[in-house]
Amino acid sequence: MIHVLDEALVNKIAAGEVVERPVNVIKELVENAVDAHATHIFIDVTDTLISVHDDGVGMSRLDLEISILRHATSKINSFDDLQHVATHGFRGEALASIAAVSDLIILTRRKEDMEGSELHVEGGVMRSLRSLGSPIGTTVLVRDLFFNTPVRKKFLDTKEFERIVEFLEKFFLGTTVAVRLKLYDKVVLEVNADTLLDRIVQVYGLDVAKHLAVIEFADSGIKLKGFVSKPSLLKRDRSQQAFFVNERLVESDEVSSALYDAYKSILFVNKHPLAVLSLTLDGVDVNVHPTKKIVKFSSPEKVYKAVFDAVRSIFREQSVEFSMQGTLPERSFSFSTEENRRFQPDTQRSLLISSPKEHEGYVHFPSLRLLGNVAKTFFLAESPEGLMLIDQHVVEERINYEKFMAQYMNGAVAVQELLQPEVLELSMKEAMIVQRNLPLLQTLGFSLEDFGETTFRLSTVPVLFNRVKGVELLKDLLTDFREAEKEKIVTRMACRSSIKAGDFVSSEEMYALLKKLDQCEFPYTCPHGRPAMVKISLDDVEKMFRRKGF
């Protein structure tokens, strides 16, 4: 039999959508405080209490009483208001939802009132409403959250405090309101700076600042500003990414996809950039998710393009520098005879007599004077700023990747006819993969024809990768063909065919490679994100020898 649910049960159901965890309570209360024009917000959290105090405009006694009713709000009056809402909250669900599953006390006073008002609600039932002396602003005390929904309380875990800290770190990168968070009376977060860069430093630390690139971009009615990390600063997860749309902290597939696509070929595998991006634009629907964390764009393709172009352009315009990481040694070095052999003296002598013009005139790098080769893997170079370690494999891998990708994108991959076609013998599964990808292989420069049930004959290979035997290269690519990601395939081809660790490279060859690398669009990393060069500053060298900083 169909019947109408009572108000108390309806509120508990609604609370399940809005208030899933303690962090959702804090989110709603903090957004209310910002909407109330607070300049300072103080948050205290324990296992049984969430306290949020702000110095905003406060509420009248009548508004306080109404505020815990569902869909009671001061922020919108009509559907048109909903289309242009500028506040964080607007539905009037937050306080009702919190009150339904907690022991709630709200204390508030406006500037024009002589005294404040206190409202006590337990499990959705109002217990008292009285006048009380209080400071200007609003204080909300939430005790025993989920006391009347034990199943939900059971699913809370030890990471609740971490979720709270992460949310507040991100949220207060999008506003100039000051915040202080205490966990069990210990201050764990305090943000009060005026500029975004200073707030990032307060949240993520001073060392982060030198690895950030500033974003300032405007196109097609979209304004974008913020900071992203250079490839020299990458994280293990996405926890240090904050996206704001019209000053609202959101999750956005369009923004996230554009960000990662902009980092393609310079982002190390399983690493993530730090990003704080703020977009301002029209055509945003904020009423598509119960917790308002997701928005919908009327022109998602324009948002994607704006973010992609803005982020990608900074790696063309700004230099990316990788510096030596970790602590400096405190003891003197000793080397075994075997270690001494790893430095190539013959290479060193030939390098030192090279023409001085060979190492000058770079666009992306300082002038370099090669000093020698270490373990047939790294070149050591002197620059005006100190020493540079250069990875010979990464250098050629980036060159090969960009050169081949340009040929591929223009549909003009240069191929070489094999004097003697090579036979490719595969398992049935591998043969099926190759058969399915024959058109793609053709565009990549590999001409294959059936030569039996699981056998193919290879007659052409890309000129750029003719250093590697075509059959070997194709077999190595089969894993990537399963995923059918062209960029990953090209990356593997570039890696496979480039100079390896242990290959001898002369000084003249390395100078020539550095010139080619300098002409690349993104010369600072290989397509996997590994650095081509690492700087050891003169200051660091002096500290190693205890000439400075001891």
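The values are calculated or read from the model by the stated rules, or taken from the named source; none is laboratory data. Note that the structure is a prediction, hence the values are computed from the model and not measured. For neighbour counting, all protein chains shown are included, and Cβ atoms are generated from backbone atoms with ideal geometry for every residue, glycine included.
Structure data summary
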| read-out | value |
| --- | --- |
| Selection status of residue 230, surrounded by fewer than 22 Cβ atoms within 10 Å (Cβ to Cβ), of a type outside the set (Ser, Thr, Tyr) and in contact with a Pro (Cβ under 9 Å, 6 or more places away or on another chain) | no |
| Answer from 168, 212, 156 - the residue that is touching a strand residue (DSSP E or B) at 6+ places or on another chain (Cβ under 6 Å), closer than 30 Å to residue 97 by Cβ and either in contact (Cβ under 8 Å) with a residue 40 or more places away in the chain or among the hydroxyl-bearing types (Ser, Thr, Tyr) (or both) | 168 |
| Residues satisfying the stated conditions in the stretch 151-170, i.e. among the charged types (D, E, K, R), under 24 Å from residue 241 (Cα atoms) and assigned to a helix (DSSP H, G or I) | 160, 162, 163, 166, 169, 170 |
| Residues within the stretch 118-142 that are closer than 22 Å to residue 56 by Cβ, in a strand (DSSP E or B) and within 44 Å of the chain's Cα centre (by Cα), tallied | 10 |
| Residue list for the stretch 179-210, restricted to those being assigned to a helix (DSSP H, G or I), closer than 18 Å to residue 277 by Cα and of a type outside the set (Ser, Thr, Tyr) | 196, 197, 198, 199, 200, 201, 202, 203, 208, 209 |
| Within the stretch 487-508, considering residues that are in contact with a strand residue (DSSP E or B) (Cβ under 8 Å, 6 or more places away or on another chain) and under 16 Å from residue 399 (Cα atoms), the one surrounded by the most Cβ atoms within 10 Å (Cβ to Cβ) | 493 |
| Which numbered condition residue 173 fails, given (1) among the hydrophobic types (A, V, I, L, M, F, W, C); (2) crowded, with 16+ Cβ neighbours inside 10 Å; (3) free of Cβ contacts under 8 Å to residues at least 40 places away in the same chain | (3) |
| Options 501, 406: the member that is free of Cβ contacts under 8 Å to residues at least 40 places away in the same chain and either within 30 Å of residue 518 (Cα to Cα) or polar (S, T, N, Q) (or both) | 406 |
| Odd one out for residue 303, checked against (1) farther than 21 Å from residue 526 by Cα; (2) at pLDDT 65 or above; (3) not in a helix (DSSP H, G or I) | (3) |
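Here's the yes/no breakdown for (1) surrounded by fewer than 19 Cβ atoms within 10 Å (Cβ to Cβ); (2) under 21 Å from residue 491 (Cβ atoms); (3) at pLDDT 85 or above; (4) assigned by TED's automatic domain parsing to the domain that holds residue 265:
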residue	(1), (2), (3), (4)
410	yes, yes, yes, no
435	yes, no, yes, no
443	yes, yes, yes, no
447	yes, no, yes, no
457	yes, no, yes, no
468	yes, yes, no, no
475	yes, yes, no, no
